[in-house]
Amino acid sequence: MRQIDALKSPRFTQVSTFGRLPMCLPQEEVKAAFLGIPFDDAVTYRTGARFGPMAVRQGSRLLRPYNQFLDTYPFDKLNACDLGDVNIIPGYIEDTIKIIEKDVYDIISSKKLVPFIAGGDHSITLPILRAMHKQYGKINLIHLDSHYDFWDTYWGKKYTHGSWLRRALEEGLLKDVIQAGIRASTFSKEDLSDKVKLGIKSFTIRELKLNPKDILKEIESLKGPTYVSLDIDVVDPAFAPGTGTPEVGGLSSFEIIEFIRQWRFDKLVGFDVVEVSPPYDVSEITSMLAANIIYEGLSILSLSL
Ligand SMILES: [Mn+2]
């Protein structure tokens, strides 16, 4: 009987949505929404992140309404819902980048909500940042990753999952950039001087593990609109095996969740978790973690309102 009642309601959730939330309806006042961007044609190694959004939804089905560590009901406070996925074009990076920018801009400009986005590979962050810049002007970026992602090109191509940050800096989209968790071997020693030249505050995994308070202080000092981009490979492959370019020696799932819980800053305008690649996942470890990271992000947003 309950099922029949549910089918009569416009808010029924027979489809798999993030956190079993309702799908977003046009007339609703929502403050935050989940959005999937299932694009993975810009990866340089393992594919599969195109299946990320649905896996993160599946991995979110055990999330419950109350966050006891932050004393908040994020879904209720934000009137959160699921916007579905962006209609990307597999195989066509530059066309897809335009579609993502348009869709994200339409969402943030008309609905004034904060999108919580599941990728997709990391190339999706560039068009999101373009949309954010169009709406808010220069924005701060908190970037968690095991890789710098500021390389100029791969195989001579400008749009890849390892060059989005360089493009965003060149295009003048960003104000203060805090990067943390870096540990991958790099192409040359010049990468280290590049980060200084590019003017970003970059912290290695060693700094993040040993002195997280220094990074938290930087995060607290951010003023104005701030966007968060989290590559799941900042977490150790023992805790997040389902990803495209895994790097050993990373954070545990407890460490990443606990780190995010301590963030307090001015104005969160968007949050992505990228590079979840379900074909390489085991027992939904990675997709459940990604879902919980988004839950913590929603929770800190709910505290700031
Ligand atoms: Mn990465």
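Show me the helices (runs of 4 or more DSSP H) found entirely inside region 174-287 where at least 2 residues are among the aliphatic types (A, V, I, L, M) and over 23 Å from Ile124 (Cα atoms).
Answer list for region 174-287: 190-197, 205-210, 212-220.
To keep it simple, each residue is scored yes or no on (1) aliphatic (A, V, I, L, M); (2) within 21 Å of Asn79 (Cβ to Cβ).
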position: Gly244; (1), (2): no, no
position: Gln262; (1), (2): no, no
position: Tyr295; (1), (2): no, yes
position: Leu298; (1), (2): yes, yes
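Among the residues of region 265-277, write down those that are more than 24 Å from Lys77 (Cβ to Cβ) and either touching a Lys or Arg at 6+ places or on another chain (Cβ under 9 Å) or surrounded by fewer than 18 Cβ atoms within 10 Å (Cβ to Cβ) (or both).
Result: Ser277, single match.
What single numbered condition from (1) open to solvent by less than 90 Å² (accessible area, probe 1.4 Å); (2) out of contact with any Asp or Glu (no Cβ under 7 Å at 6 or more places or on another chain); (3) within 21 Å of Thr17 (Cα to Cα) fails to hold for Tyr66?
Result: Tyr66 passes all but (1).
I'd like the full set of residues that are modelled with pLDDT of 95 or more and open to solvent by 50 Å² or more (accessible area, probe 1.4 Å), limited to region 104-127.
Tyr105, Asp106 - these are the residues of region 104-127 that are modelled with pLDDT of 95 or more and open to solvent by 50 Å² or more (accessible area, probe 1.4 Å).
Does Pro225 satisfy the condition of being over 28 Å from Ile107 (Cβ atoms) and open to solvent by 10 Å² or more (accessible area, probe 1.4 Å)?
For Pro225, the condition - over 28 Å from Ile107 (Cβ atoms) and open to solvent by 10 Å² or more (accessible area, probe 1.4 Å) - is not met.
Can you pull out the residues in region 185-202 that are open to solvent by less than 90 Å² (accessible area, probe 1.4 Å) and either within 14 Å of Leu165 (Cβ to Cβ) or not small (Gly, Ala, Ser) (or both)?
Correct list: Thr186, Asp191, Leu192, Asp194, Lys195, Leu198, Gly199, Ile200, Ser202.
Going through region 130-146 one residue at a time, which ones are in a helix (DSSP H, G or I) and either surrounded by fewer than 22 Cβ atoms within 10 Å (Cβ to Cβ) or within 16 Å of the ligand (Cβ to nearest atom) (or both)?
Arg130, His133, Lys134, Gln135, Tyr136
Please tell me if Gly59 is more than 15 Å from the chain's Cα centre (by Cα) and surrounded by 14 or more Cβ atoms within 10 Å (Cβ to Cβ).
yes
Return the total of residues in region 147-169 being open to solvent by less than 40 Å² (accessible area, probe 1.4 Å) and at positive phi.
1
Report yes if some residue within region 204-211 is surrounded by 12 or more Cβ atoms within 10 Å (Cβ to Cβ), within 16 Å of the ligand (Cβ to nearest atom), modelled with pLDDT of 95 or more and hydroxyl-bearing (Ser, Thr, Tyr); otherwise report no.
Checking region 204-211: at least one residue is surrounded by 12 or more Cβ atoms within 10 Å (Cβ to Cβ), within 16 Å of the ligand (Cβ to nearest atom), modelled with pLDDT of 95 or more and hydroxyl-bearing (Ser, Thr, Tyr).
Which one is nearest to Phe116 (Cα to Cα), of the residues in region 230-264 that are open to solvent by 30 Å² or more (accessible area, probe 1.4 Å) and either within 10 Å of the ligand (Cβ to nearest atom) or touching a strand residue (DSSP E or B) at 6+ places or on another chain (Cβ under 6 Å) (or both)?
Within region 230-264, the match that is nearest to Phe116 (Cα to Cα) is Pro246.
The values are calculated or read from the model by the stated rules, or taken from the named source; none is laboratory data. Source: prediction; values computed, not measured. Glycine also receives a Cβ, built like all others from the backbone with ideal geometry; neighbour counts cover every protein chain displayed. Just the protein is used for accessible areas: all its heavy atoms, side chains included, with ligands, DNA and RNA removed. Shrake-Rupley method; radii C 1.70, N 1.55, O 1.52, S 1.80 Å.
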